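Participant: Take a look at the following structure, please.
The values are calculated or read from the model by the stated rules, or taken from the named source; none is laboratory data. Since we're looking at a predicted model, the values are computed, not measured. Here the Cβ positions follow ideal geometry from the backbone for every residue, glycine too, while neighbour counts run over all protein chains shown. Areas reflect the complete protein model, heavy atoms only, side chains present, ligands, DNA and RNA absent. Shrake-Rupley method; radii C 1.70, N 1.55, O 1.52, S 1.80 Å.
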Amino acid sequence: MKFKSKIKPYKAAAGGWGSLEATTRFVFDSKQALKNMVNLMRMNKSKGFDCPGCAWGDDNKSTFSFCENGAKAVTWEATRRHVDREFFAAHRVSRLYLESDYFLEYQGRVTEPMRYNVATDHYEPISWDDAFALIGKHIKGMENPNQLELYTSGRASNEASWLYQLFGRVLGTNNFPDCSNMCHEASGFGMRQSLGVGKGTIRLEDFDQADGIFVFGQNPGTNHPRMLHSLRHAAEHGARIVTFNTLRERGLERFADPQKPLEVVTPMAGEISHRYYQPNLGGDMAVVRGMVKALAETHHARIAAGQSGLFDTQFIADHTEGVERYLQEVAATSWAFIERQSGLSEAQIREAAEIYQHAERVICTWAMGITQHKHSLATVREIVNMQLLFGQLGKPGAGLCPVRGHSNVQGNRTMGIDEQPPAAFLNSLGAHFGFEPPRAHGHNTVDALSAMLRGEVKVLIALGGNLAAAAPDSRRTEEALRNCDLTVHISTKLNRSHLVTGKKDALILPALGRTEQDVQAGGKQFITVEDSFSMVHASEGIGKPLSDSQRSETAIVAGIANAAFGNTPTINWLELAGDYNKIRDHIAATIPGFSDFNRKCEQPGGFYLGNAAAELRFPTASGKAQFSHAPLPATLFPQLATQQDVPFVLQTLRSHDQYNTTIYGLDDRYRGVYGQREVLFMNPEDIAAAGYQAGDLVDIETIWNDGVQRAVSGFKLVSYAIPRGNLAAYYPETNPLVPMNSIGDGTGTPTSKSVPVKITRTTSRSTQRIA
Ligand SMILES: Nc1nc2c(c(=O)[nH]1)N[C@H]1C(S)=C(S)[C@@H](COP(=O)(O)OP(=O)(O)OC[C@H]3O[C@@H](n4cnc5c(=O)[nH]c(N)nc54)[C@H](O)[C@@H]3O)O[C@H]1N2
Ligand SMILES: Nc1nc2c(c(=O)[nH]1)N[C@H]1C(S)=C(S)[C@@H](COP(=O)(O)OP(=O)(O)OC[C@H]3O[C@@H](n4cnc5c(=O)[nH]c(N)nc54)[C@H](O)[C@@H]3O)O[C@H]1N2
Ligand SMILES: [Mo]
């Protein structure tokens with residue numbers, strides 16, 4: 001694999017030829033072009049499989065409802081390339097460990113169960129029965145059930161994840177760390193505190209009716225490309241789209257719809273953002289605070305002049321509590337501080353506020369730019385506050401839209417993948433199956449890794465994902481994994497986590513992907529998933545599996561549970577895995593909103609779970625929505641001594657050719673980066689002020705309070721439209737820089753979007769020191 005590296009700004013609109021060309025290149029490069037095209041065309045239809053790309057919803061309108069990155073996700077899974085026993089016999093694990101994440105996944109699908117042999121440093125084939133027996137032996141050898149960690153990545157189906165949580169709870173643990181702990185936790189927790197409901201309140205159709213859409217900290221052109229259609233469509237209908245993003249992101253500026261051929265061949269691409277503001281990293285709470293401050297001033301001035309105010313006082317009186325306290329806090333926040341923290345001027349913030357004021361129906365959307373900071377929960381609640389003041393909830397075209405990441409991450413939580421499960425759920429689970437589920441909260445991802453570091457964990461099982469590469473503080477994370485007796489990865493592709501093996505044993509269990517046929521004792525099966533809009537729908541794979549020895553995630557979970565403790569009086573694991581309808585009947589009996597589940601699965605397009613807050617019912621203690629009243633954080637890094645100088649704040653983010661830790665290619669087209677990933681985006685004035693030139697190589701070192709050195713070396717400076725003092729670089733290459741103990745208040749989420757760093761010129765000596 002040879003790549004030509006270059007930096008060349010992208011001039012065209014997002015979407016359009018660029019993406020069609022990239023999509024077809026991925027499709028036809030692969031050895032199964034025809035099969036791939038058929039796969040693509042069935043994505044997101046009532047028959048066929050749900051796109052594993054992201055959690056955006058389906059409008060069921062377009063004939064070609066796929067996007068470039070969905071196409072990549074599908075072709076990546078459907079490859080004929082594979083790693084088999086010969087591959088592992090030829091490569092030592094410690095040798096593979098030196099390869100890049102791109103190289104590892106590029107080797108293709110795992111086709112049979114493999115067990116690590118510590119003596120030879122090779123993975124060797126193991127039968128499914130022996131693999132299950134080995135897991136059973138380790139689990140039976142634990143002194144207590146909390147020595148087990150059950151990680152989940154958000155691609156697992158509802159059926160597999162429900163069975164997985166049942167397994168953990170029957171065993172007696174709530175240790176369910178998951179990718180969500182590193183992702184949208186602040187959204188769920190923040191909205192639950194404010195509204196009693198932790199999910200987005202809008203439906204996809206609402207985009208058609210919105211007059212104002214405020215997009216915070218999100219890069220849909222790469223990460224949710226189908227969202228661009230909704231934004232574009234809304235803009236065409238006159239909606240004003242206001243973007244807050246630290247970086248200039250192409251997809252939020254202009255977009256050519258690949259499904260409208262005219263736009264692709266002519267320069268008719270549409271504008272997306274009416275206004276584009278670039279706040280500092282972590283500056284959004286201050287932005288919203290400032291908008292509310294401006295709006296409150298207008299509100300009070302109008303009332304003083306005998307006119308009607310701006311706020312929806314009826315809505316506030318009927319449905320909320322705490323408005324006075326919040327508005328006092330707003331009044332007490334100075335413009336000077338708002339400007340300093342946000343990085344925007346008062347005039348800019350007032351301009352945004354005015355657009356908000358004149359929109360009858362407003363949607364606020366957000367993703368990782370909001371949720372991966374220390375004060376993320378407070379920021380989410382600040383956005384909710386603004387919407388509550390204006391009654392922007394419970395009416396068409398208005399509401400809150402956290403845009404989820406993994407395609408079924410929302411469904412996983414609904415199914416009980418939750419280290420802090422609600423009591424009502426445990427009650428119903430216990431009553432249905434006649435057992436007493438554990439009540440103590442379990443571990444989230446960072447808690448789990450910390451427990452591993454302390455030597456308190458014997459067994460890690462990972463239902464998908466790539467924990468070693470996705471988690472922060474790579475060195476410590478790897479040490480944590482190596483501290484377990486046994487690590488088990490249920491995976492589709494080879495990845496870094498497989499190479500960071502448990503002390504005594506490590507297993508790779510090859511799973512079927514969502515695009516593949518799943519045949520069990522009870523015949524051909526389908527699974528279900530839930531999107532960001534609380535739509536649950538069936539998904540049925542169509543591709544023929546690459547190997548007979550790959551198993552469905554559900555079957556693997558059942559096999560593990562069966563080996564760990566066999567059937568209970570009310571649960572026959574293997575029978576459940578033989579017919580997913582039986583699992584769905586249990587889901588119907590234990591999870592609210594799923595009654596009659598199997599029948600509802602027949603509805604084309606799926607069914608809506610409903611959302612109490614969208615109907616203005618707020619399941620909080622008082623039954624009313626709660627205004628929060630947190631002050632703006634005095635500093636983004638209270639952990640650091642005040643005199644400590646933080647020259648730059650770094651965010652870690654995704655390139656265009658990647659899916660989390662899966663690297664499809666080395667280009668980031670919309671940002672003009674080709675053939676490389678070790679780059680650091682920096683403001684040109686900062687580059688000059690520090691005496692560098694674009695293209696120079698630098699080391700990046702974290703400034704933290706625990707005496708641990710965290711650094712990466714040899715990153716190429718790229719001059720980019722980003723406010724001074726802010727930097728950006730790709731994840732997972734920069735995960736070694738994110739301190740494990742730097743987490744969000746009340747969320748436990750690693751602060752991947754605000755890492756205090758300094759940079760120095762790379763010398764050959766520093767490369768050696770760090771490598
Ligand atoms: N193709 C593809 N699709 C994906 C994924 C993928 O890796 N590849 N990952 C999936 C997953 S799990 C998730 S969670 C989502 C992630 O979707 P995003 O949240 O869009 O992902 P990031 O790349 O982390 O981008 C963060 C964006 O927020 C901006 N930003 C960062 N910090 C701040 C801030 O403090 N304030 C503001 N206003 N802006 C900020 C960054 O400049 C960037 O544009 O995408 C999902 N979809
Ligand atoms: N520094 C930094 N760190 C971050 C982030 C960041 O922005 N910055 N983002 C965080 C976020 S938002 C998230 S969601 C996490 C993601 O964390 P994870 O979900 O753990 O990571 P992924 O890279 O999505 O996992 C990819 C692996 O999943 C396996 N896989 C793929 N499809 C399937 C399937 O259908 N079944 C099974 N069983 N396995 C499958 C493949 O083997 C593949 O190697 O990373 C987090 N880490
Ligand atoms: Mo995510």
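Participant: Quote the charge dipole size of segment 54-172 about the Cα centre in Debye, to the nearest 20; the model charges only the Cβ of Lys and Arg (+1) and of Asp and Glu (-1).
Facilitator: Working: 13 positive and 17 negative charges, 14 e Å.
Magnitude of the dipole: close to 60 debye.
Participant: Give the shape of segment 643-761 as rounded, prolate or oblate, defined through the alpha-carbon gyration tensor: a ≥ b ≥ c are the square roots of its eigenvalues, a/c under 1.5 means rounded, and otherwise the shape is prolate if a/b is larger than b/c and oblate if not. Present the calculation step by step, with values, prior to reporting the outcome.
Facilitator: Values: a/c = 1.79, a/b = 1.13, b/c = 1.57.
Verdict is oblate for segment 643-761.
Participant: Can you give the net charge of the other residues whose Cβ lies under 10 Å from the Cβ of Arg710, counting K and R as +1 and D and E as -1?
Facilitator: On the way: positive: Arg475, Arg476; negative: Asp473, Glu701, Asp706.
Net charge in that neighbourhood comes out at -1.
Participant: For His300, what accessible surface area do you get with a 1.4 Å probe? Give it in Å², rounded to 10.
Facilitator: Surface accessible to solvent at His300 totals approximately 100 Å².
Participant: In the structure displayed, which of Lys72/Lys374; Lys11/Lys758; Lys11/Lys72; Lys374/Lys458 lie more than 25 Å apart, Cα to Cα? Could you put the intermediate results ahead of the total?
Facilitator: Working: Lys72/Lys374 33 Å; Lys11/Lys758 31 Å; Lys11/Lys72 23 Å; Lys374/Lys458 30 Å.
Lys72/Lys374; Lys11/Lys758; Lys374/Lys458, as the Cα separations exceed 25 Å there.
Participant: In addition: For segment 185-402, what does the alpha-carbon gyration tensor say about shape, rounded, prolate or oblate, given a ≥ b ≥ c as the root eigenvalues, a/c under 1.5 as rounded, and a/b over b/c as prolate? List each step's numbers first, then the result.
Facilitator: Details: a/c = 1.60, a/b = 1.53, b/c = 1.05.
It comes out prolate by the Cα gyration axes.
Participant: Place a +1 charge on the Cβ of each Lys and Arg in segment 434-531 and a -1 charge on the Cβ of each Asp and Glu, then give the dipole magnitude about the Cα centre in debye, rounded to the nearest 20. Each step should come with its number before you reach the end.
Facilitator: Values: 12 positive and 12 negative charges, 66 e Å.
In debye, rounded to 20, segment 434-531 gives about 320.
Participant: How much length is gained on full extension from Gln517 to Ala641, taking 0.36 nm per residue of separation minus their Cα-Cα distance? It would help to have the intermediate numbers written out before the result.
Facilitator: Working: separation 124, 0.36 × 124 = 44.64 nm, distance 5.64 nm.
Going from the current span to full extension adds 39.0 nm.
Participant: Solvent-accessible area of Thr515, probe 1.4 Å, all protein chains present, reported in Å² to the nearest ten, please.
Facilitator: We get 0 Å² for Thr515.
Participant: Continuing with the same structure: Could you give the semi-axes, largest first, of the ellipsoid that matches segment 563-602, computed as the square roots of 5 times the alpha carbon gyration tensor eigenvalues and rounded to whole Å?
Facilitator: Details: eigenvalues 101, 26, 8 Å².
Each semi-axis is √(5λ); the values are 22, 11, 6 Å.
Participant: Another one. So who's got an amide H within less than 5 Å of the one on His443, skipping anything under 5 residues away but keeping other chains? H placed 1.01 Å off N, in plane.
Facilitator: Excluding prolines and chain starts, which carry no amide H, the hits are Asn175, Phe176.
Participant: Average the reciprocal distances over every distinct pair of alpha-carbons in the chain, invert the result, and give the Kirkwood radius in Å. Working shown, then result.
Facilitator: Values: mean 1/r = 0.0376 Å⁻¹.
For the chain, the Kirkwood estimate is 26.6 Å.
Participant: Positive end of the dipole of segment 627-725, charges at C-beta (+1 Lys, Arg; -1 Asp, Glu), about the Cα centre: which of Gly707, Gln676, Gly695 has its Cα farthest in that direction?
Facilitator: The Cα lying farthest towards the positive end belongs to Gln676.
Participant: At what distance in angstrom do the alpha carbon centres of segment 490-562 and segment 270-300 lie from each other?
Facilitator: Centre-to-centre (Cα) distance: 43 Å.
Participant: Just by accessible area at a 1.4 angstrom probe, what is the order of Lys140, Lys753, Lys624 from largest to smallest?
Facilitator: Numbers: Lys140 140, Lys753 10, Lys624 60 Å².
The residues order as Lys140, Lys624, Lys753, largest area first.
Participant: Which ³J(HN,Hα) values in Hz, rounded to whole numbers, follow from the phi angles of segment 362-379 under the Karplus curve 6.51 cos²θ - 1.76 cosθ + 1.60, where θ = phi - 60° and Gly and Pro get x?
Facilitator: Taking θ as phi minus 60°, the curve returns 10, 10, 10, 10, 7, 8, 5, x, 9, 8, 10, 10, 5, 9, 5, 4, 5, 5 Hz for segment 362-379.
Participant: Residues with amide H under 5 Å of Cys51's amide H, sequence separation 5 or more or different chain, H placed in the peptide plane at 1.01 Å from N; which?
Facilitator: Placed amide hydrogens put Asn44 under 5 Å from Cys51.
Participant: Would you kindly compute the Cα radius of gyration of segment 79-228 and its largest Cα-Cα separation (Dmax), both in Å?
Facilitator: 21.4, 65
Participant: Counting only residues 5 or more places away or on other chains, whose amide H sits under 5 Å from the amide H of Leu494 once H atoms are built in the peptide plane?
Facilitator: HN-HN under 5 Å from Leu494: Gly108, Val110.
Participant: Applying the Karplus parametrisation 6.51 cos²θ - 1.76 cosθ + 1.60 with θ = phi - 60° to the phi angles of segment 610-625, what ³J(HN,Hα) value in whole Hz is obtained for each residue in order, glycine and proline being reported as x?
Facilitator: x, 8, 4, 4, 5, 9, 6, 10, 10, x, 8, 4, 9, x, 10, 5
Participant: Another one. Please give the per residue accessible area of segment 297-451, computed with a probe of 1.4 Å over protein heavy atoms only, in Å². Spell out each step's value before the answer.
Facilitator: Values: 5640 Å² over 155 residues.
Per-residue value: 36 Å².
Participant: Now for a different question. With label points built 7 Å along Cα→Cβ from the Cα atoms of Glu678 and Ser334, find their separation and express it in nm.
Facilitator: Roughly 4.5 nm, to one decimal.
Participant: Taking a 1.4 Å probe, which of Phe637, Phe681, Phe565 shows the most accessible area, and what order do the others take after it? Kindly include the intermediate steps, with their values, before the conclusion.
Facilitator: Details: Phe637 25, Phe681 0, Phe565 65 Å².
Result, largest first: Phe565, Phe637, Phe681.
Participant: Where a Cα-Cα gap under 18 Å defines reach, which aspartates and glutamates qualify for Lys199, not counting those fewer than 8 residues away within the same chain?
Facilitator: Partners within reach: Asp58, Asp178, Glu185, Glu382, Asp418, Glu419, Glu530, Asp531, Glu615.
Participant: About the Cα centre of the chain, what is the dipole size in debye to 20, counting +1 per Lys and Arg Cβ and -1 per Asp and Glu Cβ, all else neutral? The partial results should precede the final answer.
Facilitator: On the way: 79 positive and 81 negative charges, 255 e Å.
So the magnitude is around 1220 debye.
Participant: Tabulate in residue order the Karplus-calculated ³J(HN,Hα) for segment 399-405, using 6.51 cos²θ - 1.76 cosθ + 1.60 with θ = phi - 60°, rounded to whole Hz; enter x for Gly and Pro.
Facilitator: Residue by residue, segment 399-405 yields x, 10, 9, x, 8, 5, x Hz.
Participant: If you don't mind, there's one more thing I want to ask. Carbon-plus-sulfur fraction of the accessible area of the chain, 1.4 Å probe, in percent?
Facilitator: On the way: 14080 of 27630 Å².
Whole-percent figure for carbon plus sulfur exposure: 51.
Participant: For Ala612, put the label point 7 Å out on the Cα→Cβ axis and report which residues of segment 421-445 keep their amide N under 18 Å from it.
Facilitator: Within reach of a label on Ala612: 421-429.
Participant: Grab the Cα-Cα distance for Thr298 and Asn581, subtract it from 0.36 nm times how many residues apart they are, and report the gain in nm with one decimal. Walk me through the numbers on the way to the answer.
Facilitator: Values: separation 283, 0.36 × 283 = 101.88 nm, distance 5.67 nm.
Result: 96.2 nm gained on full extension.
Participant: Still on this model: Would you mind calculating the relative contact order of the chain from Cα pairs under 8 angstrom and at least 6 residues apart, reporting the percent as a whole number? Present the calculation step by step, with values, prior to reporting the outcome.
Facilitator: Numbers: 1698 pairs, mean separation 160.6, N = 771.
It rounds to 21 percent for the chain.
Participant: Now a separate question. Along the Cα→Cβ direction, 7 angstrom out, place labels at Gln693 and Gln709. What is the inter-label distance in nm?
Facilitator: Taking the two extended label points, one gets 3.0 nm.
Participant: Could you please report the charge total around Ala317, scoring K, R as +1 and D, E as -1 over all other residues with beta-carbon less than 13 angstrom from its beta-carbon? Provide the component values of the computation, followed by the final result.
Facilitator: Working: positive: Lys624; negative: Asp312, Asp318, Glu321, Glu324.
So the surrounding residues net to -3.
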